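See structure below.
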């Protein structure tokens, strides 16, 4: 259930981002004749997919996407101020200035619910990882991996010949 909700949430966010780009592309081309409009939108989408593929292949390093890595790094900084008390079996009590949260590494949950809702470990969980020598990057949901990103942008939209080359 939890992974279904997370996958649905992340998928919805990605779909919403794609939809907003599509709407922008349509608005840019709405005054054109229909074939010209569709051709312009196709070229914009083709370019966006190529740019995303190129960026991920040649600029990104590591295993998770850069924006998620940046969030994770912020959580790592905050985790330094958490006190961790192990209960055993991957269950911890993590205390920060706002209160105490129970973290269960085995089911990837924390009482603050940030980890469950986003798939990115919260500061409480990261503090517990340090206690068990677990790298935080390994506990980020797979939907944020560069491999998954490349799979999502792994298709191409091919160019279309000019209409003078079309068969009549």
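Summary of packing: across the peptides 99-105, 160-166, the per-residue average of other C-beta atoms within 10 Å ranks them, highest first, as 99-105, 160-166. Note on residue 148 and residue 83: with the Förster distance fixed at 45 Å, the Cβ-Cβ geometry gives a FRET efficiency of about 0.85.
Please label the shape of the stretch 67-139 as rounded, prolate or oblate, based on the square roots a ≥ b ≥ c of the eigenvalues of the alpha-carbon gyration tensor (a/c under 1.5 means rounded; beyond that, a/b larger than b/c means prolate, else oblate).
Numbers: a/c = 1.41, a/b = 1.26, b/c = 1.11.
Cα axes put the stretch 67-139 in the rounded bin.
Between the beta carbons of residue 47 and residue 138, assuming R0 = 35 Å, the FRET efficiency works out to 0.55 to the nearest 0.05. Label-to-label distance, residue 38 versus residue 130, with points set 7 angstrom from Cα along the beta-carbon direction: 5.8 nm.
In this simple spin-label approximation, residue 23 and residue 63 carry label points 7 Å from Cα along the Cα→Cβ vector, and these lie 3.7 nm apart.
The C-alpha atoms of the chain define a longest principal axis, and helix 66-79 lies at about 20 degrees to it. Rounded to the nearest 10 degrees, the angle from helix 2-29 to the longest Cα principal axis of the chain is 30 degrees. Here the label points at residue 102 and residue 163, each 7 Å from Cα along the C-beta direction, are separated by 6.7 nm in the simple model.
Just so you know, all these numbers are worked out from the coordinates, no wet-lab data involved. Because the structure is predicted, anything quoted here is derived from the model rather than measured. Neighbour counts run over all protein chains shown; Cβ positions are idealised from the backbone, glycine included.
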